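Nothing in this text is a laboratory measurement; each read-out follows from the coordinates by a stated rule. Here the structure is a predicted model, which is why all the values come from computation and not from measurement. In this analysis, Cβ positions are derived from the backbone assuming ideal geometry, glycine residues included, and neighbour counts consider all displayed protein chains.
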Amino acid sequence: MKLNQNLSILFWLFKAKQSADGKMPIYVRLTIEGRRAQFSLGRKIELEKWDPQAGLMGGKSEEARMINSYISTVRGKIERHYNILVSTNEYVTAEMVVNSYLGVKEDNKTILQAFDYHNQKFLEKAKAGIFSIKTHQRFEITKNKVIDFMKEVYKVSDMPLEKIKFAFGSELEHFLTVKKGIKSNTAMKYIKNTKKIMNMAVNLEWVITNPLNSFKCTYVNPEREILTPIELGQMYQKEFVSKRLEEVRDVYVFCCYTGYAYAEVEKLKPDDVCIGIDGERWIRTSRDKTDGKENIMLLPIALQIIEKYKQHPLCKVKNKLLPVITNQKFNEYLAEIATLCGINKHLTSHTARHTFATSVTLTNGVPIETVSEMLGHKDIRTTQIYAKIVQQKLSTDMKALREKLHHTICEKLLTN
């Protein structure tokens, strides 16, 4: 019998469990979406008395009447338990119906319950200053991506942890990159966060294994746009008619000489500037992204920019170190500034941080360990990405030098 095209109920004789008196136990088998669960009715009859087509005991004897009445009662109860579960759950399994009928209490956790548990604990630690609130926000974003994915691909709003298979990871990647147009590296970060949630569920014994661990997250080092020292100098010396462009330029150049991204420079206050033990002026603060400490000694151009905006109305009213506008407008004006400066590069608030790591520090011989400390990186491998860029530049420069020396030698040989 089919109910709502989901549940099928079959009563049958378990021949392998035939007892010495020739009787066989009556079992009921439930099937939902190909998955089965079964249990014994606690009744036995002879094989020849069973009607397999009807799933009932044949004949009109008193025994047949009692057996068939009991089967009818069991069927009705199973249907009621199934309908109750369907009304309160997105996913109903045959095991859930059997357990509900038998009175076995279930506590099957779902992926969203796991996310909520993790994110709530993380939020509490973030409020206590242990973790970054922005990292908590990224896990919330990941949860929302997973919700969208399940609704569109699996047509459900949640899934039991036990139903998540390896395909969940590969389908999620396809959904994020193809359906939503998210870049591969970003998609991998969402999947990596989901794997962390699943591993937590395993540790809490909510699920036996994490099938997503077999899904390998791969990352591609992106081409990072940076300004060369010449381009940076041209930008800083450029005179603008527009005051708004001048202010955005100054904030951007300040970031190029301190390594701050937009979120950090926007929060800077005059009190963040202090005198270090060396008598120089420093900025001491924490970086939201990693909770890493950032200690930046202010270079001359950065100091000039700070002095320039000490009396700026916005800085005085909002107690800001610099007049930083919204990120969207900031990036919009940067595109205009790049054009006016003749710089054919896509500049954003974060390219300043890349420029600080490469053109300002590593290229000028600052040790990578020092740069890593100033950038607030917890892992020096993150900083090594910039070192590769510097190596590429050095390679390009050396190849150009080689060509120049080659032509010089050839010219001398020809003149001789």
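Mind sorting out which of (i) 22.1; (ii) 22.8; (iii) 27.6 is the real Kirkwood radius over Cα pairs in Å computed from the coordinates?
Answer by label: (iii).
For each of C256, C274, C217, C315, count neighbouring Cβ atoms within 10 Å of the residue's Cβ, then give the residues from fewest to most.
On the way: C256 26, C274 11, C217 16, C315 19.
Sorted ascending by nearby Cβ count, the order is C274, C217, C315, C256.
Q18 to K77: FRET efficiency via 1/(1 + (r/R0)^6), r the Cβ-Cβ distance, R0 30 Å, to the nearest 0.05? Spell out each step's value before the answer.
Details: r = 27 Å, r/R0 = 0.89.
Efficiency, from the Cβ-Cβ distance: 0.65.
Between the DSSP loop rule and a limit of at most 12 other Cβ atoms within 10 Å, which trypsin sites (Lys or Arg not before Pro) in region 203-241 are left? Intermediate values should be presented prior to the final figure.
Details: sites: K216, R224, K238; in loops: K216, R224, K238.
Passing sites in region 203-241 are K216.
With viscosity set to 1.567 mPa s and temperature to 4 °C, compute the Stokes-Einstein D of region 111-214, Rh being the Kirkwood radius across alpha carbon pairs; µm²/s, no decimals.
On the way: Rh = 14.0 Å.
It diffuses with D of about 93 µm²/s by this estimate.
Distance cut-off 27 Å, Cα to Cα: go down the list K125/K216; K155/K192; K134/K243; K179/K216; K155/K189; K127/K183 and report the pairs above it. Write out the running numbers ahead of the final one.
Details: K125/K216 29 Å; K155/K192 23 Å; K134/K243 32 Å; K179/K216 20 Å; K155/K189 24 Å; K127/K183 31 Å.
Table pairs above 27 Å Cα-Cα are K125/K216; K134/K243; K127/K183.
Only counting other Cβ atoms within 10 Å, I'd like I337, I84 sorted with the fewest neighbours first. Mind dumping the intermediate values first?
On the way: I337 19, I84 13.
The most exposed by this proxy come first: I84, I337.
Using r as the Cβ-Cβ distance of E332 and L299, and R0 as 35 Å, what FRET efficiency do you calculate, to the nearest 0.05? Present the calculation step by step, with values, prior to reporting the outcome.
On the way: r = 27 Å, r/R0 = 0.78.
Calculated value: 0.80.
Please list, in chain and number order, the residues 5+ apart from I45 or on another chain whose amide H is under 5 Å from its amide H, with Hs placed from the backbone.
For I45, whose amide H was placed from the backbone, the distant partners under 5 Å are M24, I26.
Taking neighbour counts of Cβ atoms within 10 Å as a proxy for exposure, in what order, fewest first, do M198, M297, M24 appear?
Values: M198 23, M297 13, M24 19.
Taking fewest neighbouring Cβ atoms as first place, the list is M297, M24, M198.
Rounded to the nearest 500, what is the chain's calculated 222 nm mean residue ellipticity when only DSSP H runs of at least 4 contribute -39500 (n - 2.57) each, over all residues? Intermediate values should be presented prior to the final figure.
Numbers: 15 runs with 206 residues, N = 416.
The per-residue figure over the chain is -16000 deg cm²/dmol.
List the DSSP H helices in the chain whose Cα atoms stretch 30 Å or more along the helix axis and whose mean Kyte-Doolittle hydropathy is at least -0.5. Could the numbers behind the result be given before it?
Values: long enough: 62-88 (40 Å, -0.41); 380-415 (52 Å, -0.34).
Qualifying helices, which must be both long enough and hydrophobic enough, are 62-88, 380-415.
For the chain, what relative contact order do you get, as a whole percent, if you take Cα pairs closer than 8 Å and at least 6 residues apart?
Values: 487 pairs, mean separation 42.3, N = 416.
The normalised contact order for the chain reaches 10 percent.
Who wins for biggest fluctuation among W282, W206, W12 in a Gaussian network model of the chain, springs between alpha carbons below 10 Å?
Result for the chain, Cα springs under 10 Å: W12 fluctuates most.
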